[in-house]
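Bear in mind these aren't lab numbers, they're just calculated from the coordinates by the rules spelled out. All values derive from a computational prediction rather than experimental measurement. So basically every Cβ, Gly included, is an ideal-geometry build from the backbone, and we count neighbours across all protein chains shown.
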Amino acid sequence: MKRRRKIIIPTVAVISLAAVGFFVFLELRIKSVREDISILEANSISSSALSAGLEKALSDYKLNYDDIVSFTYDSEGNIKSLSTDMVALNSLGGQIGSNTDKYIDNIGTYKVSLPLTSLLGGQLFSGIGPHISFYITMRGLTSTKFENHFESAGVNQTRHRIVLDVTVKTNIVFAGKVSIVEYNSDVFIAESIIVGVTPDTFADF
């Protein structure tokens, strides 16, 4: 009996140390990949949130090009100036930002699950086995800015686009650390072909 105890005690100690070492290694591996995974997930969610927020805002406002852009002409019928309804555009941009942030905030805590073999490394068994889950908390902060884009579309034709420059900053909280992931996208709000002689300079927003 005494010999068995002498054998069992060292064996248990070795197993315990191995288990502790494994979990320490696993924790380090999770820390090493969490940033990349968080960035990918945040960008994916930001993209989905922007699409949903944009769709809802455009559906609510239903703005057409003629509703937000007006022209003045000279005596010969050439375009003299272009102006936009900034009140309507600012209201639309604010609603898009609010909708996007609300979508992200409603997700709140997001679960990320990875196969254990993917964390351990190696290609042979990657993607199989039990999954390890961890959670990240996300909060959105979206800013918008409108821009005029002009380009030639043919003889005496100019394509005018109103573009919304969107920046979604997602604050990610994981294991007591806060990281900011920035997602940028340009969205075409309205477009039209201006026919006729156009001035070299257009009015600013």
Legend entry - Listed residue pairs exceeding 28 Å between alpha carbons, taken from 102/145; 62/145; 102/177; 145/177; 56/111: 145/177
Inset, instruction - Using per-residue counts of other Cβ atoms within 10 Å, averaged over each peptide, order 96-104, 153-161 from highest down. - result: 96-104, 153-161
Legend entry - Under 15 Å, Cβ to Cβ, from residue 40 - net charge with Lys/Arg +1 and Asp/Glu -1: -2
Legend entry - In Hz, Karplus ³J(HN,Hα) per residue of the stretch 105-111 (6.51, -1.76, 1.60; θ = phi - 60°; x = Gly, Pro): 5, 5, 5, x, 8, 10, 8
